[in-house]
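Worksheet for the structure shown next.
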């Protein structure tokens, strides 16, 4: 019992330290307005740079040259800032006296901190992309083990969802599914009652539907695997591994 508790605490500690950084940043050495930069990033990557935590910020600073550089933060109303992706700005890194609440409605990074600026100015910029670049929905109804075999024979693996950005990618493809749930590369390690990705990575980012993923699973009759809802809030649920569902493979 003590060994099991130690193992669980160790996994929790590793998760909190790693924070599951899965975003890549790309410095674009071309000067554009904020709106033009946003369009460029959406056409060539995922979006203008999103920064959710200090780990993201440290990765972002590695790509930045001197001067003012656009990131994907924009003011939508009085004192309300959100990312180009539509996500709320929960982590902020404003410089001294910033934002100054004038007509400047777009954000730049300068000297390692953020400032607000008029969106029409011309600056270089940073795009972000998900490490999970390509997903494919397979509209065959297979068990979890059969889906895993299919993905590994024809693509790379069943998809792992390590971040909100990858979850958005999943949400985009899962809408076309013919089953109410779709398999992910998520499985329950019954002896420890832990959910893990196929890669062995800890489930740090979580998007469970209420009543799923947080309580001990009954594995006496059948092992449990993770799926995502194809409708509604598209959250994760626990299903018996012999259910026959559509599934998502990662291509690269």
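Of note:
- Residue within the range 156-167 that is part of a helix (DSSP H, G or I), free of Cβ contacts under 8 Å to residues at least 12 places away in the same chain and out of contact with any strand residue (DSSP E or B) (no Cβ under 9 Å at 6 or more places or on another chain) present: no
- Top-ranked residue of the range 123-149 - restricted to ones that are assigned to a strand (DSSP E or B) and at pLDDT 95 or above, ranked as surrounded by the most Cβ atoms within 10 Å (Cβ to Cβ): 125
- In the range 73-90, the residues that are free of Cβ contacts under 8 Å to residues at least 60 places away in the same chain, closer than 16 Å to residue 47 by Cβ and surrounded by 13 or more Cβ atoms within 10 Å (Cβ to Cβ): 73, 74, 81, 82, 83, 84, 89
- Which listed residue is touching a residue at least 12 places away in the same chain (Cβ under 8 Å), within 28 Å of residue 57 (Cα to Cα), surrounded by fewer than 20 Cβ atoms within 10 Å (Cβ to Cβ) and not assigned by TED's automatic domain parsing to the domain that holds residue 48, from 171, 192: 171
- Residue list for the range 150-163, restricted to those being modelled with pLDDT under 90 and within 30 Å of residue 60 (Cα to Cα): 156, 162, 163
- Residue match in the range 198-210 (condition: in contact (Cβ under 8 Å) with a residue 24 or more places away in the chain, buried (at least 19 other Cβ atoms within 10 Å of the Cβ), over 17 Å from the mean Cα position of the chain (by Cα) and assigned to a loop (DSSP other than H, G, I, E, B)): no
- Residue in the range 217-230 that is closer than 21 Å to residue 149 by Cα, modelled with pLDDT under 85 and part of a loop (DSSP other than H, G, I, E, B) present: yes
- Members of the range 28-83 found to be in contact with a helix residue (DSSP H, G or I) (Cβ under 6 Å, 6 or more places away or on another chain) and over 20 Å from residue 112 (Cα atoms), listed by number: 47
- Residue within the range 95-116 that is touching a residue at least 24 places away in the same chain (Cβ under 8 Å), farther than 17 Å from residue 68 by Cα and under 27 Å from the mean Cα position of the chain (by Cα) present: no
- Test: residue in the range 42-57 that is assigned by TED's automatic domain parsing to the domain that holds residue 93, under 17 Å from residue 90 (Cβ atoms), without any contact (Cβ under 8 Å) to a residue 12 or more places away in the chain and out of contact with any strand residue (DSSP E or B) (no Cβ under 9 Å at 6 or more places or on another chain): no
- Taking (1) out of contact with any strand residue (DSSP E or B) (no Cβ under 9 Å at 6 or more places or on another chain); (2) modelled with pLDDT under 90; (3) under 14 Å from residue 187 (Cα atoms) in turn, residue 214 satisfies each apart from (1).
- Condition check for residue 183: within 20 Å of the chain's Cα centre (by Cα), closer than 17 Å to residue 151 by Cβ, assigned by TED's automatic domain parsing to the domain that holds residue 163 and assigned to a strand (DSSP E or B): yes
The values are calculated or read from the model by the stated rules, or taken from the named source; none is laboratory data. Computed from a predicted structure; not experimentally measured. Every residue, glycine as well, gets a Cβ built from its backbone with ideal geometry; the counts of neighbours run over all protein chains shown.
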